[in-house]
1. So what is the relative contact order for the chain, in percent, with contacts set as C-alpha pairs under 8 Å and at least six apart?
2. Determine the percent antiparallel among the DSSP beta bridges restricted to region 24-178, to the nearest 5.
3. How many angstrom lie between the Cα centre of region 81-103 and the Cα centre of region 56-78?
4. Top mean-square fluctuation among 240, 348, 223, Gaussian network model of the chain, C-alpha springs under 10 Å?
5. What order do you get for 30-39, 265-274, 108-117, 76-85 when each peptide is scored by the mean count of other beta carbon atoms within 10 Å, highest first?
6. How much area per residue is accessible in the chain when the probe is 1.4 Å and only protein heavy atoms are counted (Å²)?
7. Where the only charges are on Cβ atoms (+1 Lys, Arg; -1 Asp, Glu), what is the dipole of region 289-376 about its Cα centre, to the nearest 20 debye?
8. Per DSSP H run of at least 4 residues, take -39500 (n - 2.57); add these up for the chain, divide by its residues and hand me the 222 nm value, nearest 500 deg cm²/dmol.
Amino acid sequence: MNNQKIWLSSPHMGGNEQRFVQEAFESNWVAPLGPNVTGLEQDLETYLGNEVHVGALSSGTAAIHLGLILLGVKAGDEVICQSMTFSASANPILYQGAIPVFVDSEEMTWNLCPIALEKAIVDRIAKGKKPKAIIAVHLYGIPYQIEAIRSIADQFEIPILEDSAEALGSSYKGQACGTFGDIGVLSFNGNKIITTSGGGAIITRTKELKEKAVFYATQSRDNAPHYQHSEIGYNYRMSNICAGIGRGQMEVLDAHVTLRRKMHEFYAGLFAEIPSVTVFEVPNSEYYANYWLSAILIESDESKGISAEGLRLAFEEENIESRPLWKPMHLQPVFEQYPYYGSSVAENLFQKGLCLPSGSNLKEEERLRIATVVERYFLSGK
Ligand SMILES: *Cc1c(COP(=O)(O)O)cnc(C)c1O
């Protein structure tokens, strides 16, 4: 039997990526600038709509870092961050010498809880410091509660840094994720919905802000014939080679979103008859998810020996990758000394959850292998 590894989410090339990379070689644009960088930015601006401006960067993490700088976050400032997320949402707060304030999730979207968010803001203000920014994340491609979070942010006049690293191709009421924040962020890392092998982008509402981001990303070089600097710079621009991969990937983005959504449907069908499992899905038709990763919650049953970790191990035995959900940041050793607001929603999700193989390149044969493990695990008592 074919026992090749089934990955959670692996790169899926469309076909034209190599052509764009080839062009970069032929024209000797082998640098962190060039026609593919400009082309990818234009492709993304067209795709996202809403008159946004996009700057291609070396990673999503770099985009979050520059986003915080553009929002004026400095040493000693406080920044609110969704606790349940990948650490890259929070690390740049520390790069700035600022202080993360973590906030719990709610059960509907697994993202920032509006009630806990408001409590956190009110309490931080009472303690003497108004948070400088709110980092809100669309986990696994499911949009956060867009209107509730925006209304709180506006009420307290705090800008939103929208971490859309997992949500390119998702939308809310027809508007693309990445365009809701005061600044938005995308990632094109190897495991994301599309990849440039490594890369990211910053999304701004004005051309000036995009230009400022690119200025910081290219070592903050002042306009002079010699190297002149009046601000701290970074080397965060995307390479023209990587951008070439990105341009090829943009051609197949929507097709790959459709395939990821089919994987989600496959799991919805597979687990329909298994009462201890719920498949994570959008709350209603106003939410459109790319289902970057399909995720489930499992109610443990000790008498039957069923748990999320048990299923993960059963997959592992068959060389199939599955993973627990993001472990909340307030439970991470590196962040545990920082303030946290909320209860145990994120922690419970982490205990019960599992991400399943979700790639747009999974074949029928691989789905069968996944189904066999699931059926054996739940139906025949392991
Ligand atoms: C992947 C990811 C990032 C970081 O993007 P990189 O391109 O890997 O630096 C940030 N936030 C979230 C939620 C992510 O999933």
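The values are calculated or read from the model by the stated rules, or taken from the named source; none is laboratory data. Worth saying up front: this structure is predicted, and the values here are computed from it rather than measured. FYI the Cβ positions are ideal-geometry reconstructions off the backbone, even for glycines, and counts take in every protein chain you see. Please note that ligands, DNA and RNA were not included when accessible areas were found on the heavy atoms of the full protein model with its side chains. Shrake-Rupley method; radii C 1.70, N 1.55, O 1.52, S 1.80 Å.
1. So the answer I get is 24 percent.
2. 20 percent
3. After rounding, the separation between the Cα centres reads 11 Å.
4. 223
5. Sorting 30-39, 265-274, 108-117, 76-85 by mean packing, highest first, produces 76-85, 108-117, 30-39, 265-274.
6. For the chain, the solvent-accessible area averages 43 Å² per residue.
7. 200 debye
8. Estimated from H runs of four or more residues: -11500 deg cm²/dmol.
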